[in-house]
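The values are calculated or read from the model by the stated rules, or taken from the named source; none is laboratory data. Keep in mind it's a predicted model, so treat the numbers as computed, not measured. Here the Cβ positions follow ideal geometry from the backbone for every residue, glycine too, while neighbour counts run over all protein chains shown.
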Amino acid sequence: MERTEIGMLSRRELEHLYPGIRLGKDVTGGAFSALDGHVNPLRLLMALQQGFVDAGGTVHRGRRVDGIEVCGGQFRLHLKTGVVHAARVVIAAGEASRVLAEPLGMTLPFTLQRGQILVTERVGPVLPYPSDRIRQTAGSTIMIGGTKENVGRDTGTTAGAAASLAARAIRVFPDLARVSAVRQWSGRRVITPDIAPIYERSSRFPGAYACICHSGVTLAAYHARGLAKRIAGYGSWDDVQQFSARRFNVQAA
Ligand SMILES: Cc1cc2nc3c(=O)[nH]c(=O)nc-3n(C[C@H](O)[C@H](O)[C@H](O)COP(=O)(O)OP(=O)(O)OC[C@H]3O[C@@H](n4cnc5c(N)ncnc54)[C@H](O)[C@@H]3O)c2cc1C
């Protein structure tokens, strides 16, 4: 396939993509995009933070912001260790963003969705291509998942989810039945009403921004470049405007 080609594959074509592992009898084909990929999110985060430091930034790890107020056109960020002043502030604190953004005139509607993941023991390279629910990592484990559950803030794991994730994986790749699962974990996704991200700029307090999303790993390339440039004042905010939370205010719209 051409590098940018996106299309449907027959079972036979899939077998060529995965020569080292059998496909289950129910697999009739698949979707393929040469632009899809898999990154280790922890390494990506470290690389982004290093890039930020190399560009002259300072990262304050483990320092929780308890509140933000506006004073004389400046933002005052209240931390346990003291107050930090800033001319511009970007709230990107995942599910904690709502509480921080509200006093700055930005309303962020979202719900929480639990996702559970199964991780197998390390095996030889059998999955050269990632799929959305079964991927082999650079560390040779296979990640299976995740679930989509509306259970509020609960980040527990369940035997039922483990069973259904494993059953689906084995249905696609029956050889995985011989591989042991060694970990199961869950996390919460931030889900906006239309699932797209919210990029908000406060009209009441110029200089205050908020960004929340699910798929923040996929979107990192845009956040680190296009969005960051616009927040820094290079480039127009107009093309980001459609991602304002105001799109959910039906009366205003
Ligand atoms: C099971 C599962 C599978 C997923 N799979 C994918 C995937 O395949 N691809 C993908 O792109 N995304 C995936 N995601 C989603 C992805 O993890 C999130 O979109 C991403 O982590 C969001 O990044 P964020 O920086 O906006 O928020 P977070 O990762 O939540 O980070 C927020 C940060 O803000 C800090 N913080 C919170 N409150 C404060 C405060 N008061 N003061 C200072 N700091 C604060 C937190 O400590 C944290 O470091 C998945 C999520 C789950 C749960």
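So the values come out like this:
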quantity: Residues within segment 118-128 that are within 21 Å of T147 (Cα to Cα) and surrounded by fewer than 19 Cβ atoms within 10 Å (Cβ to Cβ), tallied; calculated: 2
quantity: Those residues of segment 170-209 which are more than 30 Å from E69 (Cβ to Cβ), part of a loop (DSSP other than H, G, I, E, B) and of a type in the set (D, E, K, R), in sequence order; calculated: D194
quantity: Residue list for segment 173-199, restricted to those being more than 13 Å from the ligand (Cβ to nearest atom) and either modelled with pLDDT under 95 or surrounded by 18 or more Cβ atoms within 10 Å (Cβ to Cβ) (or both); calculated: F173, L176, V179
quantity: Residue within segment 215-229 that is in the same structural domain as L45 (by TED's automatic domain parsing), of a type in the set (G, A, S), more than 9 Å from the ligand (Cβ to nearest atom) and more than 23 Å from the chain's Cα centre (by Cα) present; calculated: no
quantity: Given (1) farther than 18 Å from A208 by Cα; (2) in the same structural domain as S202 (by TED's automatic domain parsing), index of the condition G94 fails; calculated: (1)
quantity: Given (1) touching a residue at least 60 places away in the same chain (Cβ under 8 Å); (2) part of a strand (DSSP E or B), number of the condition M143 does not satisfy; calculated: (1)
quantity: Number of the exception - A55 against (1) within 29 Å of S140 (Cβ to Cβ); (2) surrounded by fewer than 13 Cβ atoms within 10 Å (Cβ to Cβ); (3) not assigned by TED's automatic domain parsing to the domain that holds V126; calculated: (1)
quantity: Qualifying residue in segment 149-162 (condition: within 30 Å of L227 (Cβ to Cβ), within 16 Å of the ligand (Cβ to nearest atom) and either under 16 Å from the mean Cα position of the chain (by Cα) or of a type in the set (D, E) (or both)); calculated: yes
quantity: Unique residue being at pLDDT below 95 and touching a strand residue (DSSP E or B) at 6+ places or on another chain (Cβ under 9 Å) when the list is Q251, Q241; calculated: Q241
